[in-house]
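Working notes, structure below.
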Number of protein chains: 2
Amino acid sequence: MRIAVIGAGAVGLYFGARLQIAGHDVRFLLRRDYDAITTAGLTVTTPSGDFHIEKIQGFRDSREMGEVDLVLVALKAFANAHLVEMVRPFMRGDAAVLTIQNGLGNEELLAAAFGAERVLGGVALIGANRGEPGVVHHLAYGAIRLGEFGGGPSPRTEQLAAMFNAAGIRCDAVADLRKIRWEKLVWNIPFNGLCALTGHTPAILLARPAMRRLIAALMAEVIAGGNAQGLSEPIPQNGFIEEMLARTERNTGSYRPSMMIDRLEGRPLELEAIYQIPLQLAAKQGIEMVRVEMLHALLTQGEPT
Amino acid sequence: MRIAVIGAGAVGLYFGARLQIAGHDVRFLLRRDYDAITTAGLTVTTPSGDFHIEKIQGFRDSREMGEVDLVLVALKAFANAHLVEMVRPFMRGDAAVLTIQNGLGNEELLAAAFGAERVLGGVALIGANRGEPGVVHHLAYGAIRLGEFGGGPSPRTEQLAAMFNAAGIRCDAVADLRKIRWEKLVWNIPFNGLCALTGHTPAILLARPAMRRLIAALMAEVIAGGNAQGLSEPIPQNGFIEEMLARTERNTGSYRPSMMIDRLEGRPLELEAIYQIPLQLAAKQGIEMVRVEMLHALLTQGEPT
């Protein structure tokens, strides 16, 4: 399959590299690592061994990337002002676009520009950070869950899931994309924000009883907000939270969430996708996520006005 | 009057200096500034002109300070483990003890040790910071409101108020000490915590609409918590908040609250007096101060376990 990867941060580079190794024709839109990657290739460190890809097809402009079958979008949501223009050159044929960006609102943006039938969404369940130019550190997990923006099962989601699985990326196709997006927010909303705000990793936060209670309370608010959207089935309240906390401690306790890194490196934060739009959707259904709103207000403080 | 000042931070030094200039026999328990102040005196900068006191009676140990009529406590509440032992040497005669420390629980500590009839409480309405050793910067306000721990009007509170007023410190004696303590918390709870957490001054926070709404919401929670305590009359909800925000912008917008300075200088925070005890008292009356609790949890993160 011919695949364009848009947004070559740790997540985009990692999944693209796996797909290329599996034999696909993968083309990367690169920015700050263009020189390093096109001259020296891409190195991926993983818990199960490192690998290096010598020859990467890197581009600086999506208009030069040719025709593809799939556009895989892993762009930071704060750069969404440029997303539609980046994707447009691929939308002449019948290519599909799969966004695995964080938060809510990304599929809507693409669907408004190119039609809902082109658009799929997914959540990336992965701990990965960039290292020096041309290096990605894969730390934990590495799965994708995806579905049609329009909802329901489809042959296309099954094919894409099979492709990812064959490339060593665990992937489920689901009928309810909104549910998996809200499930991921249950983790992202507390940990992305609190780690960015405090500069501490999840394990450090979870070790404090008052913070652990706060994290659980934030998760409960997100679950209530999600369940008010009329998901295909509700996200369970209690077991889900305890399991997520335990899994975080076990697997990604020392992981620095992307928003924490963005703040440490002086980049903008993905506040609209991860906080603002979920807050608006919850409020529309009469759910006031008080603590989420407070966390959002605190995070805005460090942002440009 | 013979007055012992316990806790010689900016607030204790400023009020003590005013009382000494007014002719009182003021004795200071000093720690880190002992050498600077006993050799070179105390300098106070104020918006209406600076002054210098050459000769300060400084002591390192309250057992050497002799008999006094009034003990004025301005100690940081996080040092309260030592408060009773510091005050005990003065409690042989019929001295009164007036604590103008931040938050709740200070009078209770003194009353349990020395009897409620000895104890008065007050709130210091003042913007003051320490400068280099031996220098205090008085920035704004400079008033005290005080009352009997046991409640009600008393000749003693009237005398003390007259003494402070004669020394150029605006002072009211009130019948309901708890009410003025909660009223002060309406300011301290949002601004002390948010300024310490973000490293920004009140004016910077108030300039952000989301933060301004959060500050107002925190204030509303504190008012609800205070009013549930059965104050002599309720703290009004709306006008009070708007007026407090406007007054803060006008007068103390660029002021660094004491908790912000404590955090910047690596000292512990007055979390028990300003957050924990108010949260407990509100919860006891069935009032859940959700945002206050969240702010408290966030502030504990930087504290020693």
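The simple spin-label model puts a point 7 Å past each Cα toward its Cβ; for A:ARG2 and B:GLU108 those points are separated by 7.3 nm.
In order along region A:128-137, the Karplus-derived 3J(HN,Hα) couplings, from 6.51 cos²θ - 1.76 cosθ + 1.60 at θ = phi - 60°, round to 8, 10, 7, x, 5, x, x, 10, 10, 9 Hz, and Gly and Pro are given as x. Would you please classify the overall shape of region B:88-219 from the alpha carbon gyration tensor, given that a ≥ b ≥ c denote the square roots of the eigenvalues, rounded means a/c under 1.5, and beyond that prolate means a/b larger than b/c while oblate covers the rest? Prolate, because a/c is 1.5 or more and a/b exceeds b/c. Here the protein assembly as shown exposes an accessible surface that is 51 percent carbon and sulfur, computed with a 1.4 Å probe and the other protein chains kept in place. Using alpha carbon centroids, what distance separates region A:198-243 and region B:51-128, in Å? Value for the Cα centre distance between the two parts: 45 Å.
Rounded to 0.05, the FRET efficiency of the A:ALA166 and A:ARG213 pair, given R0 = 35 Å and the Cβ-Cβ distance, is 0.25.
I need the calculated FRET efficiency for the pair B:GLU117 and A:ILE204, taking r as the beta carbon distance and R₀ as 51 Å, to the nearest 0.05. For B:GLU117 and A:ILE204, the calculated efficiency is 0.60. B:LYS76 sits with roughly 60 Å² accessible to a 1.4 Å probe, with DNA, RNA and ligands left out of the calculation. Partner shielding of B:205-212 amounts to 4, given as the average count of beta-carbon atoms from other chains within 10 Å of each residue beta-carbon.
For chain A, the 222 nm mean residue ellipticity estimated from helices alone, with every DSSP H stretch of n ≥ 4 adding -39500 (n - 2.57) and the total spread over all residues, rounds to -13000 deg cm²/dmol. Annotation: for a label point projected 7 angstrom from Cα along Cα→Cβ of A:ARG247, residues of region A:140-155 with backbone N closer than 19 Å are A:140-147. Taking the DSSP bridge list for chain B and keeping only pairs wholly inside it, about 35 percent are antiparallel. Computing FRET efficiency as 1/(1 + (r/R0)^6) for B:ALA143 and A:ILE261, where r is the C-beta to C-beta distance and R0 is 51 Å, gives about 0.65. Derived from the Cα gyration tensor, the three semi-axes of the equivalent ellipsoid of the protein assembly as shown are 60, 24, 20 Å, largest first.
Chains A and B together bury roughly 2000 Å² of accessible area, counting both sides, with a 1.4 Å probe on protein heavy atoms only. Relative contact order for chain A: 16 percent, from Cα pairs under 8 Å spaced at least 6 residues apart, divided by residue count. Relative to the other identical copies, B:PRO236 shows label-point distances of 5.2 nm, where the label point lies 7 Å from Cα along the Cβ direction and values run shortest first.
Placing a label point 7 Å from Cα along the Cα-to-Cβ axis, B:GLY168 is separated from the same position in the other copies by 7.7 nm, shortest listed first. Here A:ALA81 yields copy-to-copy label distances, from shortest upward, of 5.2 nm, the label point defined as 7 Å from Cα along Cα to C-beta. With coordinates expressed along the principal axes, the C-alpha atoms belonging to chain A extend over 50, 39, 38 Å, beginning with the largest.
Computed over all pairs of different Cα atoms, the Kirkwood value for the hydrodynamic radius of region B:2-175 is 16.0 Å. Is region A:179-300 rounded, prolate or oblate when judged by the Cα gyration tensor, a ≥ b ≥ c being the square roots of its eigenvalues, rounded requiring a/c under 1.5 and prolate requiring a/b larger than b/c? Judged from the Cα gyration tensor, region A:179-300 comes out oblate (a/c at least 1.5, b/c at or above a/b).
Counting heavy atoms of the protein chains alone, A:SER232 has an accessible area of about 90 Å² for a 1.4 Å probe. Report the paramagnetic label zone for A:SER254: residues of region A:117-152 whose backbone N is under 20 Å from a point 7 Å from Cα along the Cα-to-Cβ axis. Hits in region A:117-152 for A:SER254 at 20 Å: A:126-132, A:136-142. Averaged per residue, chain B has 41 square angstrom of accessible surface, using a 1.4 angstrom probe with ligands and nucleic acids left out. Compared with its chain on its own, region A:264-305 contains the following residues whose accessible area drops by 20 Å² or more in the full protein assembly (probe 1.4 Å; ligands, DNA and RNA excluded): A:VAL290, A:ARG291, A:MET294, A:ALA297, A:LEU298, A:THR300, A:GLN301, A:THR305.
The values are calculated or read from the model by the stated rules, or taken from the named source; none is laboratory data. Since we're looking at a predicted model, the values are computed, not measured. Cβ sites come from the backbone with ideal geometry, for glycine too, and all protein chains shown count toward neighbours. SASA here: full protein model, heavy atoms, side chains in, ligands and nucleic acids out. Shrake-Rupley method; radii C 1.70, N 1.55, O 1.52, S 1.80 Å.
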